Amino acid sequence: MSQTNVRIRAEALGLELDGRESIVAERLGELERSGFRFAAAGGSFELLVRRSAPDYRAPFALIDFTAIVGKQGAGASSVQVMARLRVGDVVLHTAGEADGPVQALDRAIRTALVPHYPALRDVRLVDYRVRTIDPHQGTAARARVFIESARGDERWCTVGCSVDIIEASWQALWDSLELPLLRDRDGHHPQPPARPVRAPHQAPHHSFLHLWGP
């Protein structure tokens, strides 16, 4: 994306770049070369702009997480995620359990964050999509994950990409939870289009509900 297009898109969101167009455009290029796509992920684009600001402060950071998948015979599988996060100078240890690893991770993260950011109680998942890119790589192919989130009338879509589908999901989930906190911080709540639009030549997105859980 050119610097001009970056500026136009940021202005459409009501965000000022103040000369940071080249920084955002360079970062966009790096991420898109690794498989990210921002045309349909307005939330992640907005975060790139916000994170480029000199006064940006991350409301939280993930230190690490561990996912344990359990299954007995023909019964349903269950996943437990243990995570460590940092909010300010506080390190939080938390856990979440669900039928799918992404939902378990979401529960663990929210358990840690909601006491610090009660507004996240109102943020909900609207849609979750996965698309395999470079499928010729087989099981080493990268996964591109889109998460569409909502809070009241607000809608936003975020993206993640990795050879590890849980890592890609985490990237999109992280953006989906951080964006409303940054909007609340500055009182600015744009409502860009959120739902990915598929061009005719693209392969369809797939919904892996077993990853999210029911």
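The values are calculated or read from the model by the stated rules, or taken from the named source; none is laboratory data. Keep in mind it's a predicted model, so treat the numbers as computed, not measured. Glycine also receives a Cβ, built like all others from the backbone with ideal geometry; neighbour counts cover every protein chain displayed.
Quick rundown of the values:
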read-out	value
Some residue of segment 30-43 being among the hydrophobic types (A, V, I, L, M, F, W, C), touching a residue at least 12 places away in the same chain (Cβ under 8 Å) and under 30 Å from Pro115 (Cβ atoms)	yes
Residue match in segment 192-214 (condition: at pLDDT below 90, surrounded by fewer than 16 Cβ atoms within 10 Å (Cβ to Cβ), farther than 24 Å from Arg37 by Cα and touching an Asp or Glu at 6+ places or on another chain (Cβ under 9 Å))	yes
Residues satisfying the stated conditions in segment 89-102, i.e. surrounded by fewer than 11 Cβ atoms within 10 Å (Cβ to Cβ) and either in a loop (DSSP other than H, G, I, E, B) or of a type in the set (Phe, Trp, Tyr) (or both)	Asp89
Of residues in segment 53-83 being in a loop (DSSP other than H, G, I, E, B) and under 17 Å from the mean Cα position of the chain (by Cα), the one farthest from Leu182 (Cα to Cα)	Phe60
Residues (more than 30 Å from Arg142 (Cα to Cα) and assigned to a helix (DSSP H, G or I)) located in segment 9-38	Glu11, Ala12
Candidates Asp122, Asp106, Asp164 - the one that is assigned by TED's automatic domain parsing to the domain that holds Leu48 and in contact (Cβ under 8 Å) with a residue 24 or more places away in the chain	Asp122
Flag for Ser52 being polar (S, T, N, Q), more than 24 Å from Asp184 (Cβ to Cβ), out of contact with any Gly (no Cβ under 8 Å at 6 or more places or on another chain) and assigned by TED's automatic domain parsing to the domain that holds Arg151	no
Enumeration of residues in segment 64-83 that are of a type outside the set (S, T, N, Q) and either farther than 20 Å from Tyr117 by Cβ or modelled with pLDDT of 95 or more (or both)	Asp64, Ala67, Ile68, Val69, Gly70, Lys71, Gly73, Ala74, Gly75, Ala76, Val79, Met82
Subset of segment 140-161 that is surrounded by fewer than 21 Cβ atoms within 10 Å (Cβ to Cβ) and free of Cβ contacts under 8 Å to residues at least 60 places away in the same chain - its residue that is farthest from the chain's Cα centre (by Cα)	Ala140
